[in-house]
């Protein structure tokens, strides 16, 4: 935790306080991933579970003092995907090398690769983040990634 600068410490405490529903200076471990993502980190679900996150509410809680070292460790984790990683991945599906890919392929990727999304989750992500398809079923993937990561 000594490697957190004062600004990171302030941001972490603020994000933590948002999920501290009852003002007890503790959060439900079910919200650990949400707090980390609010701090612009992209931990996988497996990483969150490894760090102590739970799937069900009420199983476990976490104090801000326990959270700060987790935030520090997660911040140093280089296995998280970033914008450039996602961009390089989707470029593989850009057959025409014009910044577009088939919307159907994007849907397939979201449901079958990495941390798979359900069909309902995929539909929500595509509805919220994807630009309209052109007449051939292609979408620009750069705006999708930007919207998805914000």
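The values are calculated or read from the model by the stated rules, or taken from the named source; none is laboratory data. Since the structure is predicted, the reported quantities are computational estimates derived from the model, not experimental observations. Cβ coordinates were reconstructed from backbone atoms using ideal geometry, including for glycine residues, and neighbour counts include every protein chain displayed.
Residues that are surrounded by fewer than 11 Cβ atoms within 10 Å (Cβ to Cβ) and either within 16 Å of residue 12 (Cβ to Cβ) or at pLDDT 90 or above (or both) within segment 58-69 comprise just one, 65. Of the residues screened, residue 110 is one that is outside the structural domain of residue 14 (by TED's automatic domain parsing) and either over 18 Å from residue 43 (Cβ atoms) or at pLDDT below 95 (or both). Whether a residue is more than 23 Å from residue 147 (Cβ to Cβ), in contact (Cβ under 8 Å) with a residue 60 or more places away in the chain and in contact with a helix residue (DSSP H, G or I) (Cβ under 8 Å, 6 or more places away or on another chain) was assessed, and residue 75 passes this test. In this structure, residue 33 does not qualify as at pLDDT below 90, closer than 29 Å to residue 123 by Cα and under 16 Å from the mean Cα position of the chain (by Cα).
Listed here are the residues, each with its yes/no results for (1) over 23 Å from residue 46 (Cα atoms); (2) exposed (fewer than 12 other Cβ atoms within 10 Å of the Cβ); (3) not assigned by TED's automatic domain parsing to the domain that holds residue 45.
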residue	(1), (2), (3)
93	yes, no, yes
104	yes, no, yes
121	no, no, yes
132	yes, yes, yes
136	yes, yes, yes
142	yes, no, yes
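Among residues of segment 32-58 that are free of Cβ contacts under 8 Å to residues at least 12 places away in the same chain, those with a beta-carbon under 8 Å from a residue that is assigned to a loop (DSSP other than H, G, I, E, B) and surrounded by 15 or more Cβ atoms within 10 Å (Cβ to Cβ) at least six positions away or on a different chain give the pairs 37/43. Against the definition (in contact with a strand residue (DSSP E or B) (Cβ under 8 Å, 6 or more places away or on another chain) and surrounded by fewer than 16 Cβ atoms within 10 Å (Cβ to Cβ)), how does residue 83 come out, yes or no? Against the criterion (in contact with a strand residue (DSSP E or B) (Cβ under 8 Å, 6 or more places away or on another chain) and surrounded by fewer than 16 Cβ atoms within 10 Å (Cβ to Cβ)), residue 83 does not qualify.
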